[in-house]
Each structure stands twice: as C-alpha cells, then as structure tokens.
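Shown next, in structure tokens, is the structure this report addresses.
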Amino acid sequence: MRTNQGDRAEMFGLLCSDGTHREYFTEFLQYDKRRGKSYPSRQFKKIIEFGNIDLVLLNRFRELLRKIYGYYPNIIKSNHNVMRVSISKNEVIDDITNYVKIGKAEWFVPSFVMNGSRKVKARFIQGYFDGDGSTDITSDNIPRVRFSSTNLEGISQVKTLTDYLEIEASLNGPYKRKGKRDSYELLLKTRSIETFIKYIQSHHSKKKKRLEKIRRAMPR
C-alpha cells in the first residue's frame, strides 16, 4: 500500500515537536524449564513515544500510525496526568528512524519534506505547530503565531518551509535560560498569519479554536 506523503510529513512534524526515542537494556529472570531454575537475562528494547496533554491530538497521531503502518497503539496515562502514545513495534521504529532523528536537540526536517510539494511542506508544519507552536492575541488585539525550539538547525529548516509557502517570519534568539539550553523563536509576521491559516489545518483542539478565532477577526 502506497503511503500518503502528507500523512507521513504530518506524523514526523508531531514527532519532531513532542517525540522521544529511547534505547535501553531491561534485566529480568528467565525461567529454564529443562533445569527448573530462573537465570538473569537481558533484552535490548527501543521505543518511540509521542506525548501531549491534548487527547484529540493524541488520537490524531494514532490515526496517522494506523493509516501509514496499520498500527494502532493505546494511549497511556501516567503520573501527573501525562498522556502518551508508545511505539514499541521494531519495524515501525526502524522505518521512522530511517527518515528522521527524534529528540529536542537532534530532530531535523526529513529530506522528502524539504524537497516535497507545497502540501507536503504544509503538513509537516501543521504537525510541528500542533506540538511546539502557540498562538494568542495580545492586549492590543494583535494576533501572534510562533514556534519555539532549542534546536537551531531544525527551527531554521522550518523557516525554510514557511519561506517557501510565502509565510513571512523572523527567527529570533538565542534566549538564554539558566540551567537550560538556549531557545529560539520563529515568529510569524502579522501580515502572514492569514496565509498560515490558509495552509495549516490544526488538529489540536485548543489551537484549532484559537486559529479560527483569529481568522474571524482578520479584516476583510
């Protein structure tokens, strides 16, 4: 089955924003029936997780996994009401990591997105916005849409995508933070927000409503 590249681009945008990738050994006792004893054993494991507080977005991520891989893992709720989708199927993990690295300081925009159509570029931005983007309206009634990241190379590639879509934005930073990595901000020009809304169809329940509110407030 041929994979829709737009779906794949959106999924990678989500993973680049809120994804983690871990590889580790787990230790356990394995029972040997022939000897009637348990012996220490080790197993190598790898896992990719997508975490977010928005249930709608988590289900969107699961739906993308189902469409691309026929794989539909559960949503796991852990301490402090943190929710995540865990990918433990090795062939899915291997395919994802063939395209992109996962991690706040390591992610990059996959080459098929950088060289892809306008729709593919927009779908990556959509996924990345739903994870690491934000939008609000200032006290002066000025709408703002921005992305933030500690990954300068990655956020610079996102700016290349917005430039291609003729969405004007400024890349600001670094912003120093005590005990943390420097952060960077990609801030859309107010005059380009309408173009951004034209291309980006958010699935995040709150961000979708905010974008719609901004759209309705834009001068006609």
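The values are calculated or read from the model by the stated rules, or taken from the named source; none is laboratory data. Quantities reported herein were computed from a predicted structural model and do not represent experimental measurements. Cβ coordinates were reconstructed from backbone atoms using ideal geometry, including for glycine residues, and neighbour counts include every protein chain displayed.
Pick from 156, 111, 117, 202: which is over 21 Å from residue 5 (Cα atoms) and among the hydroxyl-bearing types (Ser, Thr, Tyr)? Can you show your working first?
On the way: 111 fails: over 21 Å from residue 5 (Cα atoms); 117 fails: over 21 Å from residue 5 (Cα atoms); 202 fails: over 21 Å from residue 5 (Cα atoms).
Residue meeting the stated conditions: 156.
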Query - Failed condition for residue 118, given (1) in contact (Cβ under 8 Å) with a residue 60 or more places away in the chain; (2) within 19 Å of residue 197 (Cα to Cα); (3) surrounded by 14 or more Cβ atoms within 10 Å (Cβ to Cβ) - result: (3)
Query - the range 29-65 - residue that is in a strand (DSSP E or B) and among the aliphatic types (A, V, I, L, M) and, of those, nearest to residue 14 (Cα to Cα) - result: 48
Query raised in the report: Given (1) crowded, with 17+ Cβ neighbours inside 10 Å; (2) touching a Leu at 6+ places or on another chain (Cβ under 8 Å); (3) modelled with pLDDT of 95 or more, where does residue 171 come up short, assuming only one miss?
Result: (1)
Query raised in the report: So, in the range 177-220, of the ones that are among the β-branched types (Val, Ile, Thr) and closer than 28 Å to residue 51 by Cα, which residue ends up modelled with the lowest pLDDT?
Result: 214
Query raised in the report: So, of the residues in the range 121-151 that are modelled with pLDDT under 95 and assigned to a helix (DSSP H, G or I), which turns out to be farthest from residue 183 (Cα to Cα)?
Result: 131
**Report entry** Scope the range 181-209; condition assigned to a helix (DSSP H, G or I) and not hydrophobic (A, V, I, L, M, F, W, C); matching residues
**Finding:** 190, 191, 192, 194, 195, 198, 199, 205, 206, 207, 208, 209
Query raised in the report: Pairs under 9 Å by beta carbon, first residue closer than 18 Å to residue 168 by Cβ in the range 135-153, partner modelled with pLDDT under 85 and assigned to a loop (DSSP other than H, G, I, E, B), six or more apart or different chains?
Result: 143/218; 144/138
Query raised in the report: If you take the residues in the range 163-220 that are of a type in the set (Val, Ile, Thr) and touching a Pro at 6+ places or on another chain (Cβ under 9 Å), which one is nearest to residue 126 (Cα to Cα)?
Result: 193
Report summary line: Being part of a strand (DSSP E or B) and under 17 Å from residue 49 (Cα atoms) narrows 76, 93, 68 down to just 76
Query raised in the report: Across the range 176-207, which residue is surrounded by the most Cβ atoms within 10 Å (Cβ to Cβ) among those that are acidic (Asp, Glu) and within 20 Å of the chain's Cα centre (by Cα)?
Result: 185
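Quick check, is residue 85 in a strand (DSSP E or B) and either acidic (Asp, Glu) or surrounded by 12 or more Cβ atoms within 10 Å (Cβ to Cβ) (or both)?
It is true that residue 85 is in a strand (DSSP E or B) and either acidic (Asp, Glu) or surrounded by 12 or more Cβ atoms within 10 Å (Cβ to Cβ) (or both).
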